[in-house]
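K.L.:
Just dropping this structure here.
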Amino acid sequence: MAADLSIEKLVEEIKKLRGEFTHVSEVLLDRAKEQAAETAAKVRYAAEDGWSGAKGAAADVAGRIEEQPLAATAIAFGIGMLLGLLLSVRKR
């Protein structure tokens, strides 16, 4: 008789623990989803900020090229020559 009561108590405790475990896992899952959403929003904001900065820089460079096309051509030629020299030295 005492063994039956002990087994019944153990079964009840296991049921309680199962319920608590389910609740804890649901809370953890909800928290993980919230963190993922927050991180995605931060990444999206950073990407949009970086993209708008890059577009602004590209527009600035395009404006400078239009203002001074000869200087831009000379600079591009110089950079090309420098890269050509650096790359040809590496191959030797």
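The values are calculated or read from the model by the stated rules, or taken from the named source; none is laboratory data. Being a predicted model, the structure only gives us computed values, none of them experimental. Neighbour counts are summed over all protein chains in view; Cβ atoms, including those assigned to glycine, are modelled from backbone coordinates with ideal geometry.
K.L.:
Taking the criterion of being at pLDDT below 95, of a type in the set (Val, Ile, Thr) and surrounded by 10 or more Cβ atoms within 10 Å (Cβ to Cβ), would at least one residue in the stretch 39-55 satisfy it?
P.N.:
Checked against the condition, which is being at pLDDT below 95, of a type in the set (Val, Ile, Thr) and surrounded by 10 or more Cβ atoms within 10 Å (Cβ to Cβ), the stretch 39-55 yields no hits at all.
K.L.:
Which residue pairs have Cβ atoms under 6 Å apart, sit 6 or more places apart or on different chains, and have a first residue in the stretch 60-86 that is in a helix (DSSP H, G or I) and a second that is modelled with pLDDT under 95 and among the β-branched types (Val, Ile, Thr)?
P.N.:
Ala72/Ile65
K.L.:
Further question: Which of the numbered conditions does Ile65 fail, given that it passes all the others? Conditions: (1) modelled with pLDDT of 95 or more; (2) surrounded by 10 or more Cβ atoms within 10 Å (Cβ to Cβ).
P.N.:
Only one criterion in (1) modelled with pLDDT of 95 or more; (2) surrounded by 10 or more Cβ atoms within 10 Å (Cβ to Cβ) is unmet by Ile65, namely (1).
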